[in-house]
1. Here are the criteria: (1) within 14 Å of chain A (Cβ to nearest Cβ); (2) among the hydroxyl-bearing types (Ser, Thr, Tyr); (3) touching a residue at least 24 places away in the same chain (Cβ under 8 Å). Tell me which single one residue B:77 does not satisfy.
2. Could you tell me whether residue B:122 is in contact (Cβ under 8 Å) with a residue 24 or more places away in the chain and either out of contact with any Gly (no Cβ under 9 Å at 6 or more places or on another chain) or more than 25 Å from residue B:48 (Cα to Cα) (or both)?
3. Looking at B:58, B:107, which one is in the same structural domain as residue B:131 (by TED's automatic domain parsing) and aliphatic (A, V, I, L, M)?
4. Select, from A:269, A:260, the only residue that is away from every other protein chain (no Cβ under 14 Å) and crowded, with 19+ Cβ neighbours inside 10 Å.
5. If you take the residues of the range A:450-467 that are buried (at least 16 other Cβ atoms within 10 Å of the Cβ) and farther than 18 Å from residue A:114 by Cβ, which of them is modelled with the highest pLDDT?
6. Of B:69, B:90, which residue is surrounded by 13 or more Cβ atoms within 10 Å (Cβ to Cβ) and either assigned by TED's automatic domain parsing to the domain that holds residue B:131 or closer than 30 Å to residue A:207 by Cβ (or both)?
7. Which one of A:67, A:83 is crowded, with 20+ Cβ neighbours inside 10 Å and more than 23 Å from the chain's Cα centre (by Cα)?
8. Right, residue A:140: of a type in the set (A, V, I, L, M) and free of Cβ contacts under 8 Å to residues at least 12 places away in the same chain or not?
Amino acid sequence: MADVIANVEVKAPPAGLEREPLVLNQRSLGWISDAIAGVAEGKTPRWWWIAFIPSVIAMTVMTVMIVYLLSTGVGVWGPGHPVMWGWAIINFVWWIGIGHAGTLISAILFLLRQRWRTSINRAAEAMTIFAVMCAGIFPLIHIGRIWLGWWLFPLPNQNSIWPQFRSPLMWDVFAVSTYFTVSLLFWYMGLIPDLAVMRDRAKTKIRKFAYGLFSLGWTGSNRHWSNYEKAYLILAGLSTPLVLSVHSIVSMDFSVSQLPGWHTTIFPPYFVAGAVFSGFGMVLSLLIPLRTILKLEDIITVRHVELMCKVVLATGSIVGYAYAMEFFIAWYSGNPYERYAFINRAMGPYAWGYWVMIGCNVIVPQCFWFKSIRSNMLIVFILSIFVNIGMWFERFVIVVISLHRDFLPANWGYFKPTWVDITTYMGTFGLFFTLFLLFIRFMPIIAITEVKGVTPQADPHHPLGGAKPGGHH
Amino acid sequence: MSDIFPKWTNRLPLMIITGALLGGTGVTAGVWYYCTNKYANVGYMPVQPVAFSHAIHADQLGMDCRYCHNAVEKSWYSNIPTSSLCMNCHNQVLKDDPKLALVRETAQSGQPIHWVQIHKVPDYVFFNHSVHVNRGLSCVECHGQINKMDEVSQAKSLNMTFCLECHRDPAAHLRPLDKITDLDWQPKSAESQRADGAKFMHDWKVESLQNCSTCHR
């Protein structure tokens with residue numbers, strides 16, 4: 001067989017049909033293993049400590065703030081009549097939204113056979129899990145008496161009462177906990193073959209033990225792979241509806257109520273688009289610096305960044321359409337309260353928040369129509385941060401502006417956060433980056449085996465591919 | 001591979017799953033039984049400053065509950081009588097008994113006796129005695145057979161499930177108004193209780209109130 005293949009000439013496809021390779025510079029399979037696994041090996045680099053120490057400090061500040069909140073009461077936060085929902089819900093929705101990119105990349109793009117996802121899915125999934133953890137903190141602590149948090153779950157109890165199943169806040173509990181569980185399982189299962197790579201490369205006893213434990217005895221046998229592929233497909237199928245369901249249900253926290261500005265049917269799709277938008281914004285903010293620092297430009301290529309920019313452009317445009325449609329419906333409904341709520345949004349005392357949102361979410365992504373901008377890493381990085389800022393303001397606009405003017409002018413107010421609100425939110429970045437940096441330091445941040453699968457030499461019919469002496473990893 | 005973990009670790013997943021199942025069942029069963037008002041509060045019988053026997057007064061002598069707890073039909077709480085009320089009889093009966101020294105003393109001074117409260121609901125529960133006893137709910141439903149107790153102890157769990165059992169099905173518990181303080185009264189049969197209870201609910205406009213604000217404000 002071997003000599004037959006050697007005699008076959010591989011014809012290059014016509015110039016117009018040629019695809020850019022997903023791994024640049026014709027890197028070998030061995031190089032891919034070394035480049036990715038090497039990130040988590042060897043001496044801890046200085047930049048890592050420079051990022052890690054402030055993150056841990058910020059996380060500690062968050063912990064102190066939470067202890068202060070729980071020991072004193074939720075009055076240390078800004079919410080009060082008439083704005084009874086403040087930063088906690090804003091931050092919750094913001095972080096949950098960020099989480100959506102991970103599942104979209106790992107599940108939907110997998111089912112759609114988007115091979116470019118392999119370079120970014122692992123880090124995006126990790127981001128999802130850590131973002132959902134940051135999000136989960138807020139609903140838990142905002143109840144003030146966290147020791148009664150188990151009341152959120154339908155457990156038999158001495159009070160003979162069940163949670164209110166008609167409340168979207170209840171649906172949220174199920175949606176978010178399901179989402180977290182499935183995302184974690186998906187992430188971990190994808191990690192198993194790569195953890196086995198780390199185990200086989202490990203030099204110290206502790207590393208051998210730890211990677212050995214978590215790779216669950218993976219040998220890379222045919223049977224392992226076939227089970228793995230099946231499980232991956234099933235989990236991708238399970239995760240796909242979750243991409244749509246979680247943020248739809250989060251949006252129902254608002255839209256099921258009858259407040260002008262919240263009570264709109266457009267909310268579920270609009271929230272999902274916004275979530276994917278912010279998620280890709282965050283993936284860009286994280287991966288653009290990382291590909292340079294970790295010298296992974298050949299794996300996370302400019303093409304990957306460009307493709308993500310296109311997703312940001314598409315979802316950002318959907319979000320912009322939704323903003324316009326909200327105003328149209330407010331006018332078209334003829335409901336004076338609805339109209340007032342939206343005019344007040346754009347021209348009232350919080351107009352600054354509204355226009356920050358429009359600037360960041362509607363105008364900024366339009367820059368991504370231009371290839372010159374999409375392929376300039378520095379500009380994409382800066383614009384991706386604006387996307388994150390804009391999406392935070394979107395939730396601020398929805399929550400605070402809709403609440404601050406009640407139907408009676410006597411119930412009007414102006415919401416201000418307290419320093420505890422601000423430091424708690426900032427502290428969640430500490431938690432997020434602490435976890436993310438630990439992930440970079442100890443785990444393969446790119447799916448090694450999957451990236452190898454999309455290289456040309458993974459194809460057995462390729463001149464460099466197949467099992468032959470020297471051709472193997 | 002093989003040099004990292006010894007062979008017996010292959011059995012570890014099974015052992016962990018078995019352990020988690022057994023441990024989880026144990027913890028659930030333990031919480032289910034021990035962490036309840038039924039376990040923690042039923043049978044609570046503190047030593048009282050005067051060894052007053054409900055068995056003698058209410059059962060043997062046949063005194064009505066409302067002779068002493070005379071505000072129960074008009075007030076949200078069932079009052080503890082003042083010592084001077086005890087002296088209505090005890091200035092004649094056992095008037096020199098040393099066991100009653102504190103009663104005589106407090107009746108003189110007007111200071112209350114420091115009885116130890118047994119039946120408590122949390123501060124955020126607004127229980128109204130009058131509304132219950134005036135609509136056919138007997139003392140015995142919550143306090144048990146006080147008329148048989150030498151020393152009073154808590155007979156029922158008084159947790160929210162206990163309240164809701166009745167609020168969800170009042171017909172099973174209502175009785176004729178003249179039998180409210182007859183703690184030994186029994187319905188003729190389960191069927192008659194059901195029929196009478198339904199009639200009482202209709203006649204007295206008793207509703208099955210389960211709103212949060214029924215008890216919590």
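1. (1)
2. no
3. Exactly one of B:58, B:107 is in the same structural domain as residue B:131 (by TED's automatic domain parsing) and aliphatic (A, V, I, L, M), namely B:58.
4. A:260
5. Selected residue: A:457.
6. Of B:69, B:90, the one residue that is surrounded by 13 or more Cβ atoms within 10 Å (Cβ to Cβ) and either assigned by TED's automatic domain parsing to the domain that holds residue B:131 or closer than 30 Å to residue A:207 by Cβ (or both) is B:69.
7. None of the others qualify; the one that does is A:83.
8. Yes: the conditions hold for residue A:140.
The values are calculated or read from the model by the stated rules, or taken from the named source; none is laboratory data. Every value quoted in this text rests on a predicted model; they were computed, and no experiment measured them. Neighbour counts run over all protein chains shown; Cβ positions are idealised from the backbone, glycine included.
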